1. Identify, by number, the condition in (1) of a type outside the set (Phe, Trp, Tyr); (2) surrounded by 15 or more Cβ atoms within 10 Å (Cβ to Cβ); (3) in contact (Cβ under 8 Å) with a residue 40 or more places away in the chain that residue A:368 doesn't meet.
2. Name the residues in region A:274-298 that are aromatic (Phe, Trp, Tyr) and surrounded by fewer than 22 Cβ atoms within 10 Å (Cβ to Cβ), would you?
3. Would you pick out the residues in region A:330-352 that are under 18 Å from residue A:289 (Cα atoms) and open to solvent by less than 10 Å² (accessible area, probe 1.4 Å)?
4. I'd like to know if region A:473-480 contains one or more residues that are assigned to a helix (DSSP H, G or I), open to solvent by 10 Å² or more (accessible area, probe 1.4 Å), among the aromatic types (Phe, Trp, Tyr) and within 15 Å of RNA strand B (Cβ to nearest atom).
5. Residues being charged (D, E, K, R), closer than 14 Å to residue A:454 by Cα and either at pLDDT 95 or above or within 14 Å of RNA strand B (Cβ to nearest atom) (or both): count how many of those fall in region A:387-418.
6. Only one of A:191, A:203, A:213, A:222 is within 16 Å of RNA strand B (Cβ to nearest atom) and outside any helix (DSSP H, G or I). Can you tell me which?
7. Residue A:346 versus (1) within 25 Å of residue A:496 (Cβ to Cβ); (2) without any contact (Cβ under 8 Å) to a residue 60 or more places away in the chain; (3) within 12 Å of RNA strand B (Cβ to nearest atom): which is the lone unmet condition?
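The values are calculated or read from the model by the stated rules, or taken from the named source; none is laboratory data. All values derive from a computational prediction rather than experimental measurement. Note: ideal-geometry Cβ built from the backbone for every residue, glycine included; neighbour counts use all protein chains shown. Accessible surface areas use protein heavy atoms only, side chains included; no ligands, DNA or RNA. Shrake-Rupley method; radii C 1.70, N 1.55, O 1.52, S 1.80 Å.
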Amino acid sequence: MKNNYYITTPIYYPSASPHMGHAYSSIIADFFARFKRMQGFNVFYLTGTDEHGQKIERAAKEKKKDPLVFCDEISKTFKDLTKTLNLSNDDFIRTTENRHKKSAKNIWNILEKKGEIYLSKYSGWYSVSDEAFYTEEELEIINGSKVSKLSGSTVEWVEEESYFFKLSKWQEPLLKFYSENQDFILPISRKNEVLSFVKSGLKDLSVSRKSFKWGIPVPSNKDHIMYVWLDALTNYLSALNYPDENDKMYKSFWPADLHIIGKDILRFHAVYWPAFLLAADIKPPKRVYGHGWILSGDQKMSKSKGNILDPLQIIDIYGLDALRYYLIKEVSFGNDGNISKEKLENCINSDLANNYGNLCQRVVSFSEKNTNLKISNNITFNEEDKSVLSNYSKNYDKIISFVDNQDINSYINFVVEQLFVANKYFNDQEPWKKKSDLLRLNTIIYTSLELIRKVTILLYPIIPDTSKKVMKIFNLNLNDIKFESIKNDEFIEKDSQINKIGILFKKIVKND
RNA sequence: GGCGGGGUAGCUCAGUUGGUUAGAGCGCGGGACUCAUAAGCCCGAGGUCAGUGGUUCGAUCCCACUUCCCGCUACCA
């Protein structure tokens, strides 16, 4: 059985610095990557930057920089972000790299050879910043310049020779593909949007530009460069050493298991991308998940509203794991979510400090005071112990299906429930009243520690740093973070010594 | 304008293949305990499940209409 798992983030467009949306996509993808890895899968997690296009060319020009130099600088901030967010990505691809250019050109050649691309002429109003053409009706005039009603960006009249991809031809095959792959687009609400869009009729897609130079040249015609999306989407193949279809990477990981994207780029991933691939006779990816946006308060973050929450700043104040936990727990995955300092602080205090951090602390500290941090080899579970411990083995398959269905919220709700269970267990057993019954005392401590170990494993994909820290209580390390081990109720070594740990999450004291 | 999704406790959201007292977390109020980051545990407050009408023995869940919100899409050119 194939035991590989390929997950991607979008490649980010480095015309500006990373923001919360980038952080969110990457953290979500990291959650899946880490879970599948600890489940035993051979995971390839890809992220990177999409560096071509007119927008970049102009931004570089404004700063009087060579486009590549400009991209080098900004791409680096995204690469740095992978470290800041503690992403477990296996590769970082840039569309300016040769391996990618080779791959993109190959796709082009195949499409052209198969007659899927033809030369024609396009004229219309084009927005550089949106990378889209608009019809007259989609435009309005503000302050004397023509702008998109939708995005408000200015457009310019473009009239040029262009290559077209025969997208219209793929309308029916796409619909067939969607119906044969019911879960290709998630969440369902997004799938409906795509279906109705495709059903309403597809027009051929302009896939080359002549008006600027910053891009991958069309192999057969140096006057043209490839449309950024055809170029960019191909990155998912490039990182697998495509076009070498016999390469081990390609054979192992294509088709991709999951493209994590924001809802704003759904059409490119759910329509154009599978169409390009079908036309090139390459299997489309298995799933595209379009998540929502992270709003600040109830509004989109924007400079003019002054409500921008910079992920770097948040991490600086509250710590990375707090942000990761918040984004995964508090955002209903698939819908727009909301972040504010107040909500974040609430979440840190109640879930991370009070519930989880304090749980670890109280058990270890109790052990320190009563059994000198020694784990007895004489442990006898009673029915109550067995019952709480069995929550994990009992729900083992369910947890996996939560992940495989991208039901992140059910996953974390299960985790939080287990935190309650563990706290309640310790409370109800009242070990402080059992000091004369050493067998029982040791068993309660052992059971509590096992509960902590198990929940910590489930927390690992969410808050990896903290999890690793907690595992040190038991002298365990990353190699011991195996999903399967949550079924084992006696994983912690008997007749051993556990370690104290410091405060995991400091409570945030509100002064108002 | 068309299509789709949605309006459930102060807040964020679950849920009901239609059936006795509608759920969780946070927040709030009270209680018992003391191992712990004054954390944890227990109890509670109570929302006409957007509105109206219909189907049904019975609807928050089905149907129709109204209204509000959101997404996609189109057009009046």
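1. (2)
2. Correct list: A:293 only.
3. The answer is A:331, A:334, A:337.
4. Restricting attention to region A:473-480, the residues satisfying the condition of being assigned to a helix (DSSP H, G or I) are A:473-474, A:478-480.
Checking which are open to solvent by 10 Å² or more (accessible area, probe 1.4 Å) leaves us with A:474, A:478-480.
Narrowing the set further to residues that are among the aromatic types (Phe, Trp, Tyr) leaves A:474.
Then drop every residue that is not within 15 Å of RNA strand B (Cβ to nearest atom), which leaves none.
No - not one qualifying residue is present in region A:473-480.
5. 1
6. On the way: A:191 fails: outside any helix (DSSP H, G or I); A:213 fails: within 16 Å of RNA strand B (Cβ to nearest atom); A:222 fails: within 16 Å of RNA strand B (Cβ to nearest atom).
Answer to the check: A:203.
7. (1)
Table: residues versus (1) more than 25 Å from residue A:83 (Cβ to Cβ); (2) near RNA strand B (Cβ under 8 Å from one of its atoms); (3) basic (Lys, Arg); (4) at pLDDT 90 or above.
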residue: A:317; (1), (2), (3), (4): no, no, no, yes
residue: A:321; (1), (2), (3), (4): no, no, no, yes
residue: A:342; (1), (2), (3), (4): yes, no, no, no
residue: A:350; (1), (2), (3), (4): yes, yes, no, yes
residue: A:353; (1), (2), (3), (4): yes, yes, no, yes
residue: A:361; (1), (2), (3), (4): yes, yes, no, yes
residue: A:364; (1), (2), (3), (4): yes, no, no, yes
